[in-house]
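Input: a single structure, listed below in structure tokens.
The values are calculated or read from the model by the stated rules, or taken from the named source; none is laboratory data. Just so we're clear, the structure is a prediction, and the values are computed from it rather than from any experiment. Backbone-built Cβ (ideal geometry, glycine too); neighbour counts: all protein chains shown.
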Amino acid sequence: MIVGLFLILVCQLVGEALARGTGLPVPGPVIGMGLLFVLLLLPEGRTPLARETREESVPGACRGLLAHLSLLFVPAGVGVVQRLDLLAAHGIGYAVTLIGSTLITLTVTALAFRFTARLIGSSDEETAP
């Protein structure tokens, strides 16, 4: 698990270095996640790193992070409590923005799903028993 966590953090570090060094408008962790994805796609015999990502080290580290994912929300909650004055001043705007963006996201997701279902020729009649 330590090796897997090390690989995840190295991928994030390389992604952050690439984002800052090249000035790409993509966050470093996203680039690091793409790099980890590429490592997972490599055939097992190509590099020792590819073998390490296939074995239990990276999946074990991911399971450990997911098991404690709720702890990662603590800093965000502390930040909200520290800025309660802004929440009191602009709370209605935040609520409208949050609800509006959620509705837009759900609508776009549903439309994209319907478009994709039509594109591949799937229909409700085919899946009904």
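Data overview
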| read-out | value |
| --- | --- |
| Test result for Ala67, modelled with pLDDT of 80 or more and surrounded by 12 or more Cβ atoms within 10 Å (Cβ to Cβ) | no |
| Tally, over the stretch 1-19, of residues that are surrounded by 15 or more Cβ atoms within 10 Å (Cβ to Cβ), over 16 Å from Leu66 (Cβ atoms) and among the small types (Gly, Ala, Ser) | 2 |
| Out of Ala128, Ala112, Ala88, sole residue that is more than 23 Å from the chain's Cα centre (by Cα), modelled with pLDDT of 85 or more and over 30 Å from Met1 (Cβ atoms) | Ala88 |
| Selection within the stretch 20-31 - part of a helix (DSSP H, G or I) and either surrounded by 12 or more Cβ atoms within 10 Å (Cβ to Cβ) or not charged (D, E, K, R) (or both) | Gly21, Thr22, Gly28, Pro29, Val30, Ile31 |
